[in-house]
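The values are calculated or read from the model by the stated rules, or taken from the named source; none is laboratory data. The model shown is predicted, which means the values in this text are computed figures rather than measured ones. Cβ coordinates were reconstructed from backbone atoms using ideal geometry, including for glycine residues, and neighbour counts include every protein chain displayed. The area values use the complete protein model at the heavy-atom level, side chains included, leaving out ligands, DNA and RNA. Shrake-Rupley method; radii C 1.70, N 1.55, O 1.52, S 1.80 Å.
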Amino acid sequence: MFPVSPPIRMDLFSIFILLGIVQGIFLSYFFISNSKGNRFPNLLLAILLFGLVLIMVDVWLGYTNYMFRVIWLVDATEPVNLILAPLTYLYIKTSISQRIEKNDWIHFIPPAFYFLYMCLMIYPQGTAFKYNANIGSYHPEIATIEAYIYGERWMFFLKHHINDFTFISMFCYDIAGFILLKNAYKKQGYSIFSKEKTPLSWYRKFHLQLLGLVLIFLLVKIFFSHDLGDHIIAACITLIIYATSITVFSRSLFFHENSTKSNETKKYGKSSLTAEIQTSTLRKLNDLMKTEKPFLDPGFSLPVLAKQLGTSTHHLSQILNEELEQTFFDLMASYRIAEAQKLLYSKESNFIKIEEIAQMVGYNSKSAFNTAFKKITGVTPSEFKKRTSETE
């Protein structure tokens, strides 16, 4: 037993953080169960969310004083601090590119090194050492006890500066994430600050939420000594988890099918689009797609198409949604896959690899091409090619 063990503290913060932990576990399980096949980014997001949960559990135990009952867990989750920023960056990167680079594992070297350091220098330390570490973080007013510590003082440099390393990691990866998203928006013909809703909007929102967390982390460490303000960081993480949950639920087909029409009506309620403009634009669109096939360009975007058709982006988006019941990206996919089917069916293209066909019809990655192809045709490109060969 230790000389002083503060009573359990349960207040609004502790309850709110606990609810966030439960929701975070549920959400990470949801993404893991939807990470099969080409949904690898979902696995990264699941690991990221579970990492946040582990940090919240650590903070909750320290804040409520339950940590004194499991003193061996003190600082157990510190290596997770260094894995969150790389996971966030890689989640956004693989979601946009739909592929995994061979060198992506390099991002996990720092957290792996720190974990090894903790295994050698911190985890094996005695309970008295960890008791002192815990009261130093959450109860600096309590006197420390005599404890045996193995290792020289300089060996604890990394441990004493983990907050600095965490902030540097988060700051650097936030910059890298911003540049990544900016370039992705640019390829689609948009500014990263554009209000136009695209598939990139979710990643931008998620990036901004974590950028907010970095700022909160910095302010807490500036204005609170030791770890006395960590419950505020955990509460912010809870908000991110619930915001993510709301986004996931709002994208559910159950809600989408019941609200699509009313949302579109509201969105275009004040539109100046006339029947004449609509008919003319659809005719031009059909002619352009047949004659020039601009969809074969991977960088083709809605603003570029609107300019070629001589109309506004807003009007074109309205026409696609209301008349064709498609988004711009669905429309491009339908034309690209139709073109791919022609190439796969043609005997002259038998020598061309599926990866090359994907690039020829406007896709930067085979996985994105396979996903779109199967969604539209119900089979993979390989299966389609095999069936056409058997019917000849």
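Structure values in brief
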item	result
Conditions (1) touching a residue at least 24 places away in the same chain (Cβ under 8 Å); (2) exposed (fewer than 15 other Cβ atoms within 10 Å of the Cβ); (3) among the charged types (D, E, K, R): number failed by Arg153	(1)
Helices (runs of 4 or more DSSP H) contained in region 45-158 and holding at least 2 residues within 20 Å of Ser5 (Cα to Cα)	127-138
Per-region count, region 268-303, residues modelled with pLDDT under 75, surrounded by 15 or more Cβ atoms within 10 Å (Cβ to Cβ) and of a type outside the set (Ser, Thr, Tyr)	1
Scan of region 173-194 for residues that are β-branched (Val, Ile, Thr) and open to solvent by less than 20 Å² (accessible area, probe 1.4 Å), ordered by number	Ile192
Candidate set: region 195-219, residues that are over 19 Å from the mean Cα position of the chain (by Cα) and without any contact (Cβ under 8 Å) to a residue 12 or more places away in the chain; chosen: the one surrounded by the most Cβ atoms within 10 Å (Cβ to Cβ)	Leu219
Failed condition for Leu90, given (1) open to solvent by 50 Å² or more (accessible area, probe 1.4 Å); (2) under 30 Å from Glu355 (Cα atoms); (3) not small (Gly, Ala, Ser)	(1)
Unique match (being surrounded by fewer than 18 Cβ atoms within 10 Å (Cβ to Cβ), under 14 Å from the mean Cα position of the chain (by Cα), modelled with pLDDT under 95 and more than 30 Å from Met155 (Cβ to Cβ)) among Ile32, Ile100, Ile96	Ile32
Residue check for Ala338: within 33 Å of the chain's Cα centre (by Cα), modelled with pLDDT of 85 or more and hydrophobic (A, V, I, L, M, F, W, C)	yes
Near pairs, Cβ below 7 angstrom, 6+ apart or cross-chain, from region 326-348 (touching a residue at least 12 places away in the same chain (Cβ under 8 Å)) to any residue that is open to solvent by 60 Å² or more (accessible area, probe 1.4 Å) and assigned to a helix (DSSP H, G or I)	Ala333/Ile376; Ser334/Ile376; Ile337/Ile376; Leu343/Met360
